[in-house]
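Laboratory data are not the source of any read-out in this text; all were calculated from the coordinates shown. As the structure is a computational prediction, the values presented were derived from the model and not from experiment. Note: ideal-geometry Cβ built from the backbone for every residue, glycine included; neighbour counts use all protein chains shown.
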Amino acid sequence: MGMGFGGSSVFNMASPSASATSVTRILRDYVEPAPARPRRILDVGGTRAGFAAQASLPAQTQLVIANPEPGVGADLPYAEDLPGNDPGFDLIMLFGVMMYLPPAELRKLLTGLRDRLRGTGTLLIAEPDPEGVVGRVEIAAKTVYALVKSLRTPTRFHFHTKGETEALLRELGFTSVTPREDLRPRRPFPLPPPQPPYFILAARR
């Protein structure tokens, strides 16, 4: 996660996790109550101040947060730290994380998350869209911030377009990839910093 823009509200206002309305719609669409088999959600890169704070979880629903940053309320550092006998998840969220991962690491993570889905479970990806004017400004702003924050070891970003991400998901065996930009927060974002809209994809095996 590097410096952790994903855990900062300053760089997270365009994420679905920042909007109570978006979170409610995510739960409605992907976490149906099921008393016979409690639902399980994995929030990769999330914090207790993000999705968890906005969500009114159905009864018996378990939310697991994987984030290596200290002090964010995570249950474990990385999704890879889940035990081999973990029963899997009905919804896995990956919001604003891909930009921190070079291609080989991203491929490995997505493959692992695919294998953690159970039944008709969904991998929901939301990532700042690097295309367009605001997206290019965002790339420049984060690059400069990284240099100022840590001159010795600045965070290296790897921005991914919606098209590239969809192609990668299909290559990794996801047979259904659906755009869900309707889950974007519907409110203006203050400037600065620039807040490009997120592209959102829902993927199933």
Hey, if you drop one equal point scatterer on each alpha-carbon of the stretch 2-128 and run the Debye formula without solvent, what base-10 log of I(q)/I(0) do you get at q = 0.15, 0.16, 0.17 Å⁻¹?
-0.65, -0.75, -0.86
For an R0 of 41 angstrom, estimate the FRET efficiency from the Cβ-Cβ distance between Ala20 and Ala104 and round to the nearest 0.05.
0.70
Under-5 Å amide H pairs with Leu63, H placed in peptide plane, nonlocal only:
Ile41
So what are the ³J(HN,Hα) numbers for the stretch 61-69, from phi and the Karplus equation (6.51, -1.76, 1.60; θ = phi - 60°), rounded to whole Hz, Gly and Pro as x?
7, 9, 10, 10, 10, 10, 7, x, 6
Protection proxy ranking, peptides 176-186, 77-87, 120-130, average beta carbon neighbours within 10 Å, highest first:
120-130, 176-186, 77-87
